[in-house]
Amino acid sequence: MAFEIFKKFIDKFFRSLFRGKKKIRLGLYGPPNGGKTTLANRICQDWLGEDMGKVSNVAHETREIQIKEEITIKSKGKELSFNLVDTPGIATRVDYEDFLKYMGEKDAKSRAKEATKGIIDAIKWLDDMDTVIICLDATKDPYSQVNITIVGNLQARNIPVLLVANKIDLKRADIKKIESAFPQYKVVGISAKYGTNMDEFYEELLKMA
């Protein structure tokens, strides 16, 4: 009982500390090709009028941490300033052969090496995040080892999370599967590509501040 009371006190303290910050570090995490960079670009276009990074159909296009500073979002009288951190897609394995249909063997091996380093860096950066957006492809099975690994790492660190079900413009999208897989988190369905439901996304993000 004493431990539970202490834990609640600590959680409340850190939430208050989080709310009191004028600027936070907001991390975008998820598996490759879930739409993290597309979402990052959408946020930056909405509030800064510029893109953040390059988008590609090839997995692991983002292989280094990208940061966009001084973003301020506003909704219903509230505002939140943060530095947005777009991270490489998390994967449990990276095989250079997966890239051979897009490039030569030398480039494929180099891409696999860079992608592996990017994954390691992304996990390391978790310790520096104030809150995290997990961006998942709503057309894919959420019960993957990668997703469970990401969520497990965040829960171990007690980092606030907003879960995004991206690509709801596609017929195979199923938000309910993601909600069922991770009931501990709020899930917002969006299409980062077309800007669908971004107002609700911003509202939920502001609730966490």
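The values are calculated or read from the model by the stated rules, or taken from the named source; none is laboratory data. Quantities reported herein were computed from a predicted structural model and do not represent experimental measurements. We place every Cβ from the backbone using ideal geometry, glycine too, and count neighbours over all the protein chains shown.
Here are some notes:
- Residue in the stretch 142-164 that is touching a Lys or Arg at 6+ places or on another chain (Cβ under 7 Å) and hydroxyl-bearing (Ser, Thr, Tyr) present: no
- Residue 138 being of a type in the set (Gly, Ala, Ser), buried (at least 18 other Cβ atoms within 10 Å of the Cβ) and modelled with pLDDT of 90 or more: yes
- Considering (1) at pLDDT below 95; (2) in a helix (DSSP H, G or I); (3) of a type outside the set (S, T, N, Q), the lone condition that residue 200 does not fulfil carries the number (1).
- Taken residue by residue, the stretch 176-184 has no member that is surrounded by fewer than 21 Cβ atoms within 10 Å (Cβ to Cβ), under 22 Å from residue 82 (Cβ atoms), hydrophobic (A, V, I, L, M, F, W, C) and at pLDDT 95 or above.
- Close Cβ contacts (under 6 Å, 6 or more residues apart or on different chains) running from residues in the stretch 30-43 that are at positive phi and touching a residue at least 60 places away in the same chain (Cβ under 8 Å) to residues that are surrounded by 24 or more Cβ atoms within 10 Å (Cβ to Cβ) and assigned to a helix (DSSP H, G or I) comprise 30/36.
- The stretch 73-99 residues that are more than 15 Å from residue 47 (Cβ to Cβ), paired with ones that are modelled with pLDDT under 65 and of a type in the set (Val, Ile, Thr) (beta carbon under 9 Å, 6 or more apart): 87/62; 88/62; 89/62; 99/58
- Residues being surrounded by fewer than 16 Cβ atoms within 10 Å (Cβ to Cβ) and not polar (S, T, N, Q) - total across the stretch 141-168: 6
- For the criterion of being modelled with pLDDT under 80, assigned to a helix (DSSP H, G or I), under 13 Å from residue 29 (Cα atoms) and not aromatic (Phe, Trp, Tyr), residue 120 passes.
- Counted residues, the stretch 144-177 - those being of a type in the set (Val, Ile, Thr), in contact (Cβ under 8 Å) with a residue 24 or more places away in the chain and part of a helix (DSSP H, G or I): 5
- Any hit, the stretch 84-102, residues being surrounded by fewer than 18 Cβ atoms within 10 Å (Cβ to Cβ), modelled with pLDDT of 75 or more and outside any loop (DSSP other than H, G, I, E, B): no
- Evaluation of residue 109 against (1) surrounded by fewer than 20 Cβ atoms within 10 Å (Cβ to Cβ); (2) among the basic types (Lys, Arg); (3) modelled with pLDDT of 80 or more (one fails), failing number: (3)
- Some residue of the stretch 63-80 being part of a loop (DSSP other than H, G, I, E, B) and at pLDDT below 80: yes
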